[in-house]
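The values are calculated or read from the model by the stated rules, or taken from the named source; none is laboratory data. Keep in mind that what you see is a predicted model, and the values were worked out from it rather than measured. Backbone-built Cβ (ideal geometry, glycine too); neighbour counts: all protein chains shown. Accessible surface areas use protein heavy atoms only, side chains included; no ligands, DNA or RNA. Shrake-Rupley method; radii C 1.70, N 1.55, O 1.52, S 1.80 Å.
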Amino acid sequence: MTRKDSPRQRAQRELKKYFIRVNETGIEVRKPTLETTLFKWEELRTILAQAHEPMPGLPSMMWILSGDRSVSVIPQGARGEEVFVKWIEQLPDFRHDELAAARSCGEEKTFTVWARPTQEAEGAS
C-alpha cells in the first residue's frame, strides 16, 4: 500500500529543492529547475523580504535578491537559508527592524532588509 503525502509534506519537499549558498564570492541560488544564479557581492543591489498571508504548508515569506544582471526569488525554508540569513545580517546597513517586521507581518507586504548605498549617498558621508 502506498502512503499519500499531505499537501504540507509535498510543499516542504518542494521547498528543499531550492538551495542557497553563501561564501566570500557572493550568493548562489539554485532553483528546482537546476537553474543557478550567482550574485557577486559587488553586483548585489537589494535584498527584500516579501511577507505573505499565512497558509498551511506554504512559506510565509520569500527572499528577493536583485543584482546588476538578475533577480531571484527564494522561498523561506530553502536549503541553506539559515546560513544565508547569518551572512546577510552582517552586511553594513542591514535592517534588522525590517526583517523582524517581515517575519511578524500577516499580510502581503515587501520589506527592504538591505540595499547597497547609492554613490550619491556614499559621497555625502
task: Working carefully through the options GLU53, GLU81, GLU35, find the one that is open to solvent by 20 Å² or more (accessible area, probe 1.4 Å) and under 13 Å from the mean Cα position of the chain (by Cα).
output: GLU81
task: Quick one: count up the residues across the range 3-17 that are modelled with pLDDT of 70 or more, open to solvent by 60 Å² or more (accessible area, probe 1.4 Å) and either under 16 Å from the mean Cα position of the chain (by Cα) or charged (D, E, K, R) (or both).
output: 6
- prompt: Which one is nearest to the chain's Cα centre (by Cα) among residues in the range 103-125 that are at pLDDT below 95 and open to solvent by less than 70 Å² (accessible area, probe 1.4 Å)?
  reply: CYS105
task: Please enumerate the residues belonging to the range 74-112 that are farther than 13 Å from ILE27 by Cβ and among the β-branched types (Val, Ile, Thr).
output: THR110, THR112
- request: Name, by its number, the condition in (1) within 17 Å of ASP93 (Cβ to Cβ); (2) in contact with a Phe, Trp or Tyr (Cβ under 6 Å, 6 or more places away or on another chain) that does not hold for GLY26.
  value: (1)
